[in-house]
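Read the structure below first, then the notes.
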Amino acid sequence: MPILPDKSKPDMNKYTFLFMPRAFLFVCLFFIYCFTTSAQSGKWQASVGKQADKLEPKVIEWRRHLHQNPELSNREFKTAEMVAAHLKSLGMEVKTGVAHTGVIGILKGGKPGPVVALRADMDGLPVAERVDLAFASKARGEYNGQEVGVMHACGHDTHVAMLMGAAEILAGMRSELKGMVKFIFQPAEEGAPQGEQGGASLMVQEGVLDNPKVDAVFGLHINSLTEVGKLKYRPEGTMASSDGLRIKVKGKQVHGAYPWDGVDPIAVSAQIINGLQTIISRQTELMAGKA
């Protein structure tokens, strides 16, 4: 099935995508659709589909191993080793240690063409897993000075496994590829520890989009609320991120008999919280022009 309407191939920098499990297959098909002729696309879709079916058990095995062995932001050492070893086994040029633990694999196609990047995030979260699965995480780590449980609670284990699968499929047809594919495995998507740099911004600073210069980047994220086998996309952004904001409220102590002479920081804080909340819920049209 075509992933975008057959009549146009829009500027993909303007789109954001949600992918379901086995999304590495969709990534391959998407890449093929956007950067080959329609005749080639039909032939490659059938070929990729067969390869994906054959590779699926291995991808599931990778995902379960990664889920059982999560690592926190900027500490993805074993994950990076696993990824780098796999990319090297496929005959790629591999760069490690990018933005601390990031990995880049470069697949050179047999024909001239664009440079396309496929990206997955690698880090887990400081969350203790509480499910009874054979591959549940029992890992512990240190997060901002505290000992915590570690879990892939945001699907990054799935993203890594899917992109490793995409790398294997595309490496098997490198002679037919037009251009190059850059596989980007990003650390610290959840945010670097206090006092450290990390994540996408640091990878960009260290040249992840250069040498060779990337023409287009495709990211992905699984979504358990979408029916299996379907893909969602929309113009511009579709998922939220968070930024920290710390406000210090200074009160003025006063005798309980004369509260009007003091400043109650609790009451002031409550007013700030209510005010900030109503900016988002009452004054900002988040979906304006996006329907």
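The values are calculated or read from the model by the stated rules, or taken from the named source; none is laboratory data. Being a predicted model, the structure only gives us computed values, none of them experimental. Positions of Cβ are generated from backbone atoms using ideal geometry, with glycine treated the same way; all protein chains shown enter the neighbour counts. The area values use the complete protein model at the heavy-atom level, side chains included, leaving out ligands, DNA and RNA. Shrake-Rupley method; radii C 1.70, N 1.55, O 1.52, S 1.80 Å.
Structural remarks
- Backbone N under 12 Å from the Glu93 label point (7 Å along Cα→Cβ), restricted to the range 196-231: 210-213
- Amide H within-cut-off set for Gly102, under 5 Å, with H built and near neighbours excluded: Gly97
- Across the cross-link table entries Lys138/Lys248; Lys54/Lys78; Lys58/Lys232; Lys138/Lys230; Lys78/Lys108, which are compared at the Cα atoms, the separations over 30 Å belong to Lys138/Lys248; Lys138/Lys230.
- Burial ranking of peptide ranges 180-186, 249-255, 112-118 (average Cβ count within 10 Å, highest at the top): 180-186, 112-118, 249-255
- Given charges at beta-carbon only (K, R positive; D, E negative), |dipole| of the range 154-212 in Debye: 300
- Charged-residue dipole, Cβ positions (Lys, Arg, Asp, Glu), the range 209-284 about Cα centre, Debye nearest 20: 100
- Remark on Leu118: its backbone amide H falls under 5 Å from those of Lys182, Phe183, Ile184, Phe218, a criterion applied only to residues 5 or more positions apart or on other chains, H modelled at 1.01 Å from N.
- For the range 65-128, alpha-carbon Rg relative to the globular expectation (2.2 N^0.38 Å, N residues): 1.28
- Entry comment: accessible area of the range 212-277 is 83 Å² per residue, from protein heavy atoms only and a probe of 1.4 Å.
- Counting heavy atoms of the protein chains alone, Arg174 has an accessible area of about 70 Å² for a 1.4 Å probe.
- Per-residue SASA entry for Ile106, accessible area with 1.4 Å probe, Å² rounded to 10: 10
- When the alpha carbon gyration tensor of the range 54-161 is reduced to an equivalent ellipsoid, its three semi-axes come out at 28, 17, 10 angstrom, largest first.
- Expressed as a fraction of 2.2 N^0.38 Å, the C-alpha radius of gyration for the range 97-255 is 1.31.
- Cα centre as origin, Lys/Arg/Asp/Glu Cβ charges: the range 105-243 dipole, Debye: 720
- Exposure of Trp62 as accessible area (Å², to 10), given a probe of 1.4 Å and all protein chains: 30
- Spread of Cα-to-Cα distances over 10 Å intervals beginning at zero, given as percent, for the range 163-291: 8, 20, 26, 21, 12, 8, 4, 1, 0
- Here the Karplus relation 6.51 cos²θ - 1.76 cosθ + 1.60, evaluated at θ = phi - 60°, turns the backbone of the range 207-217 into coupling constants of x, 4, 8, 10, 6, x, 5, 7, 8, 7, 10 Hz, with x for every Gly and Pro.
- The phi torsions of the range 114-124, fed into the Karplus equation with coefficients 6.51, -1.76 and 1.60 and a -60° offset, translate into couplings of x, 9, 10, 9, 10, 10, 9, 9, 10, 7, x Hz, rounded to whole numbers, with Gly and Pro shown as x.
- On a per residue basis, the convex hull of the C-alpha atoms belonging to the range 126-198 measures out at 106 Å³.
- Heavy-atom accessible area order for Asp157, Asp243, largest first, 1.4 Å probe: Asp243, Asp157
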